[in-house]
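Novice: There's a structure below that I have some questions on.
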Amino acid sequence: MVLGWAQTPAAQAAQAVPGTAEDQAAVEAVTNSVPAPVPPPAPALTAPSLPGVARTSQAPTVSALQLRRQGDALELGVRLRFDLPEPVRDALYKGLSVIFTAEVEIYRERWWWLDSRVSRAQRQWRLVYQPLTQRWRLSVGAASSARAGNAALAQTFDSLDEALTVIQHITQWRVADWSALEAEDDHRIEFHFHLDTDKLPRPLQIGALGDDGWELDLNRQRTFTVERLD
């Protein structure tokens, strides 16, 4: 008779998680519902808070979309204001990487037919906490490069707030070729920023479904004419 070996739920979840070894370890820390008899985690791995003081959250907002012509391109500048939900902060401090995505679509408005999309741009930020150095690493780039881990720019920060400040201040983002815009027509730009839960490891994707604690979604749009920007 051959005895089978049964895997624990945490081990089964780890095998189903794509990504780096650090992400797999972080998922086990986040999803493990049965605490092991180990000492309490080090303070550096726990989201900081003040005793007896509740964290005050601000309503997510998007500033006015600033557009300007720069050479042969249309550039966007925008400022975001938001607080990270507590489940997201806790996951970050356990070493899980989180991806934020901003998307822009520009349409040429047509009263006689459906609006025509003339441009689409996407940018991603990958944020991860490094417990050994107690620093934050932020990778910024186009969506395809960020997914591949080859973002155009990577920076490290001493605090989470410093890293979030970079994410919340978007400047000189090329969102369209100037030649794609019609001089005499009205255009509409639609801006969308969100926490990309689709990029989370699979067990957390399931847990985030329908959970308000993992929701971060900001939107704004503006109508403009090329003549007023030129």
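The values are calculated or read from the model by the stated rules, or taken from the named source; none is laboratory data. Just so it is clear, the structure is predicted and the values come from calculations on it, not from any experiment. Because the Cβ atoms are built from the backbone with ideal geometry, glycine has one as well, and the counts that use them run over all protein chains shown.
Novice: Scan region 162-178 and give yes if some residue there is of a type outside the set (Ser, Thr, Tyr), outside any strand (DSSP E or B) and touching an Asp or Glu at 6+ places or on another chain (Cβ under 8 Å), otherwise no.
Specialist: There is at least one residue in region 162-178 that is of a type outside the set (Ser, Thr, Tyr), outside any strand (DSSP E or B) and touching an Asp or Glu at 6+ places or on another chain (Cβ under 8 Å).
Novice: Are any residues in region 74-120 crowded, with 16+ Cβ neighbours inside 10 Å, touching a Phe, Trp or Tyr at 6+ places or on another chain (Cβ under 7 Å) and not β-branched (Val, Ile, Thr), and if so, which ones?
Specialist: Of everything in region 74-120, those that are crowded, with 16+ Cβ neighbours inside 10 Å, touching a Phe, Trp or Tyr at 6+ places or on another chain (Cβ under 7 Å) and not β-branched (Val, Ile, Thr) turn out to be 74, 75, 76, 80, 85, 87, 92, 93, 95, 100, 102.
Novice: Hey, can you tell me all the residues within region 154-191 that are within 26 Å of residue 95 (Cβ to Cβ) and either over 16 Å from the mean Cα position of the chain (by Cα) or among the aromatic types (Phe, Trp, Tyr) (or both)?
Specialist: Scanning region 154-191 gives 156, 157, 158, 159.
Novice: Which residues, counting only those in region 131-146, are surrounded by fewer than 19 Cβ atoms within 10 Å (Cβ to Cβ) and in contact with a strand residue (DSSP E or B) (Cβ under 6 Å, 6 or more places away or on another chain)?
Specialist: 135, 137, 143
Novice: Going by the conditions given, is residue 67 within 20 Å of residue 219 (Cβ to Cβ), in contact with a Gly (Cβ under 9 Å, 6 or more places away or on another chain) and buried (at least 20 other Cβ atoms within 10 Å of the Cβ)?
Specialist: Spelling it out, residue 67 is indeed within 20 Å of residue 219 (Cβ to Cβ), in contact with a Gly (Cβ under 9 Å, 6 or more places away or on another chain) and buried (at least 20 other Cβ atoms within 10 Å of the Cβ).
Novice: Moving on to the next point. Being at pLDDT below 95, loosely packed, with under 14 Cβ neighbours inside 10 Å and not in a loop (DSSP other than H, G, I, E, B) is the requirement here; does residue 184 meet it?
Specialist: no
Novice: Residue pairs, Cβ under 8 Å, 6 or more apart or interchain, first in region 63-78 and within 12 Å of residue 189 (Cβ to Cβ), second among the polar types (S, T, N, Q) and assigned to a loop (DSSP other than H, G, I, E, B). List them.
Specialist: Sorted first by the residue in region 63-78, then by its partner, the pairs are 78/63.
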